[in-house]
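Working notes, structure below.
The values are calculated or read from the model by the stated rules, or taken from the named source; none is laboratory data. On a predicted model such as this, the values are computed, not experimentally measured, just so you know. Cβ sites come from the backbone with ideal geometry, for glycine too, and all protein chains shown count toward neighbours. In case anyone asks, the SASA skips ligands and DNA or RNA and just uses the protein heavy atoms, side chains included. Shrake-Rupley method; radii C 1.70, N 1.55, O 1.52, S 1.80 Å.
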Amino acid sequence: MLSGEIISVISGKGGVGKSTVSANLAVSLARQGHSVALIDFDIYGSSIPKMMNIGFGPKSINNKIVPVESHGVTIMSMGFIVKNNDPVVWRGPMLGKVVEQFINDVIWGKLDYVVIDMPPGTGDVAMDVNRLIPSSYQILVTTPHPTASHVAERAGKMATNNNHDILGVVENMSYFQPPEDDTKYYIFGKGGSEHLALALETEVIAKLPIIAPKEGDFEPSIYRKGTLLFDKYNELAEKVVDLIRNKNSRSVQKPV
Ligand SMILES: Nc1ncnc2c1ncn2[C@@H]1O[C@H](COP(=O)(O)OP(=O)(O)OP(=O)(O)O)[C@@H](O)[C@H]1O
Ligand SMILES: [Mg+2]
């Protein structure tokens, strides 16, 4: 069974950095001493095994699954059950079974936080996960572009309709800042995340710059010490811990 605070990372559109944010948030939380799981439910575009540099799948013992560990994080991924990067042509009920298995049949151990990389949009798997995990904290990832944030609003509304609590909006690929000067270039425009936060009555909890991967870096997705994004993800992890602590203490104080 899953324990701990569940943080689902969602977006309206694909390609905005949902998996990158999920993986780096999980690694930063683990680095700060928390016990953390990362679940990749993105069946059609699973990228966590590659991002976390995992070349093998989980083992099973007595019908239970032993998750994989990388960067101090316990991981299960839809990518582990899709062989050779084959396109997935599964139908809804089969997907629902896998989602259920990931939640119930994995030896997770005691966890403080579970970060979930959700599939983009509001499709079947997203609905299954919402059904099986009826309450979670959600982080919405968007780029600053108005279209991306408009679509993300739909995903966010689905979350609130399902009683999930939105922690905040992460604006990814906010700006580009060349290493040699202080000028920020807003390549994808400005204001998308603020608009989204306003529409969902939440706040922007991070603005993450665009950083080009270093040539020859075989693991470019997890940002290393000494990079700007390493620091930004540390700050995000601290903020997420604080926000959840505050929300939990407020809900304990609520009159029944
Ligand atoms: N801040 C950033 N700076 C530079 N590149 C980034 C940044 N964030 C993400 N990327 C790159 O953008 C691409 C898309 O990111 P990612 O795979 O995390 O998005 P996604 O929302 O999970 O996409 P999908 O919908 O395909 O699952 C990747 O190649 C990733 O390395
Ligand atoms: Mg992804």
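The residue of the range 104-128 that is farthest from the chain's Cα centre (by Cα), among those that are among the aliphatic types (A, V, I, L, M) and modelled with pLDDT of 80 or more, is Ile107. So, Ile210, is that one open to solvent by 50 Å² or more (accessible area, probe 1.4 Å) and closer than 20 Å to Gly14 by Cα or not? When the stated conditions are applied, Ile210 does not pass them.
Matching residues to (1) within 15 Å of ligand 2 (Cβ to nearest atom); (2) part of a loop (DSSP other than H, G, I, E, B):
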| site | (1), (2) |
| --- | --- |
| Ile6 | no, no |
| Val9 | yes, no |
| Lys13 | yes, yes |
| Leu29 | no, no |
| Ala37 | no, no |
| Asp42 | yes, yes |
| Pro49 | yes, no |
